[in-house]
Amino acid sequence: SVAAAAEIVANGFNASAKGRLGPGVYMSADMNMARKYAEKRRQHGAIISAEVDAGKVITMQDFDDSGSWQTRGYDSAFLPQCYSKRSEPMEEWCIVNPSRIHMPKRVQ
């Protein structure tokens, strides 16, 4: 929702405790998929545009919900669209530390 997006912009992202690539903040550069995700609950969603310092990145070829890659010194994981097992494949990023995400201080 727009209210949730405003809260994120004001206070920053919180890393999830779990996910298909382990704990972290999940993002995508694919705007079509971001729109679908933002509206998937039949509500008017919001998309936050941000810059990310991805740090040391591992490119994944499958899901790793344990996030074991994080113990090997990686800051972010990237799952290219071609390896996604979703019904509609999408690229996916998992950023371990939310402080690597920089965004504007307002929502449009």
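The values are calculated or read from the model by the stated rules, or taken from the named source; none is laboratory data. All figures in this text were calculated on a predicted structure; none of them were measured in a lab. Virtual Cβ from ideal backbone geometry, glycine too; neighbours counted across all protein chains shown. The accessibility values were calculated without ligands, DNA or RNA, using every heavy atom of the protein model including side chains. Shrake-Rupley method; radii C 1.70, N 1.55, O 1.52, S 1.80 Å.
Solvent exposure of the chain, expressed per residue, is 66 Å² of accessible area, with all protein chains present and a 1.4 angstrom probe. Computed in the context of the full set of protein chains, the accessible area of the range 2-102 at 1.4 Å probe radius has 48% of its extent on carbon or sulfur. Computing FRET efficiency as 1/(1 + (r/R0)^6) for Asn14 and Arg35, where r is the C-beta to C-beta distance and R0 is 30 Å, gives about 0.85.
Across the protein chains, with a 1.4 Å probe defining accessible surface, the residues Thr59, Thr71 rank Thr71, Thr59 from largest area downward. The count of lysine pairs in the chain that are at least 8 places apart or cross chains, and whose C-alpha atoms lie under 22 Å apart, stands at 6.
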